[in-house]
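Beneath this line is the structure, given in structure tokens, with notes to follow.
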Amino acid sequence: MTILPNMSAEKDFLRPPFPTFVDLLADKVAEEGIDEDSVVPRVGLMFRKLHQLMDDDGNQRVHRPGGWSRSDFRICIALWTLGPIPSRRITEVTNMGRATVSAALNRLSSADMVTKEPFAGDLRSVMVRLTPKGETSIRESYAGHLQVEHEWFDVLTDIEKQVLMMLLSKVMLHRGPKKL
């Protein structure tokens, strides 16, 4: 029987701190002979947890108070960054499904955040652009969103942030934009 470190109370055993859970899972993977590399399961879990926590934090503090759904925000960021683009391109850029993008575009259009016009290059698609209201809203909301991200990443030095960016880029470029 394994005694878990730093878990004196029963509630701690039932719900261990996340880093302890990560260690327990990595140990279980090795113990079961699934993978001898104990770092990959740790990195994967920590990365997913960080993403989830940051996403929830931004959603609670910026997106929802600003009247955004996650998909609305992602679409408007894409349009703000890239300018007018066909709706099919939005699905690629945001990594969202067509139905999700279509529903969000309908909401955004009703709220006068985007306009949809026929796209001459593809009769099945529409060209989408931010309205002045949409551009102002996303600029203001993104400033708040960035503040949340600073709160998460300012624990790192500038060099550490650059190294993290290089490592994340390397992993993403190696895997490529393959469809799973």
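Each reported figure results from applying straightforward, stated rules to the coordinates on display, with no laboratory input. Given the structure is predicted, the values throughout are model-derived calculations rather than measurements. When we count neighbours, we look across all protein chains shown, and the Cβ atoms used for this are built from the backbone with ideal geometry, even at glycine.
Between Asp57 and Lys133, the modelled labels are 3.2 nm apart [label points 7 Å from Cα along Cα→Cβ].
Could you tally the net charge around Arg64, taking each other residue with its Cβ under 13 Å from the Cβ of Arg64, Lys/Arg +1 and Asp/Glu -1? Provide the component values of the computation, followed by the final result.
Numbers: positive: Arg61, Arg70; negative: Asp55, Asp56, Asp57, Asp72.
Net of charged neighbours comes to -2.
Per residue, the convex hull around the alpha carbon atoms of the stretch 39-144 comes to 115 Å³.
Taking only Cα atoms, what is the 0 to 90° angle, nearest 10, from helix 18-31's long axis to the longest principal axis of the chain? Compared with the principal axis, the helix lies near 70 degrees. Roughly what percent of Cα-Cα pairs across the chain reach past 25 Å? Tail fraction, whole percent: 52.
Charge tally around Gly121: other residues with Cβ under 14 Å, Lys/Arg +1 each, Asp/Glu -1 each, net +1.
Can you work out the FRET efficiency for the pair Ser38 and Gln162, with r the C-beta to C-beta distance and R0 = 45 Å, to the nearest 0.05? List each step's numbers first, then the result.
Numbers: r = 27 Å, r/R0 = 0.60.
E(calc), rounded to 0.05, equals 0.95.
No solvent, one uniform scatterer per C-alpha: report log10 I(q)/I(0) for the stretch 94-180 via the Debye equation at q = 0.16, 0.23, 0.25, 0.27 1/Å, two decimals. For the requested q values the scattering log ratios are -0.95, -1.08, -1.13, -1.20.
Taking the chain as a Gaussian network of alpha-carbon nodes connected by springs under 10 Å, the highest mean-square fluctuation of the residues Val163, Val148, Val22 belongs to Val163.
Here the extension length gained between Arg124 and Leu50 equals 22.8 nm, from 0.36 nm per residue of separation less the Cα-Cα distance.
Note on the chain: Lys pairs 8 or more places apart or on different chains, Cα atoms under 25 Å apart, count 11.
Tell me, Ile34, Ile90 in order of fewest to most beta-carbon neighbours within 10 Å? Can you show the working numbers first?
Values: Ile34 10, Ile90 26.
If I rank by nearby Cβ atoms, fewest first, I get Ile34, Ile90.
Between the beta carbons of Arg98 and Ile77, assuming R0 = 22 Å, the FRET efficiency works out to 0.75 to the nearest 0.05.
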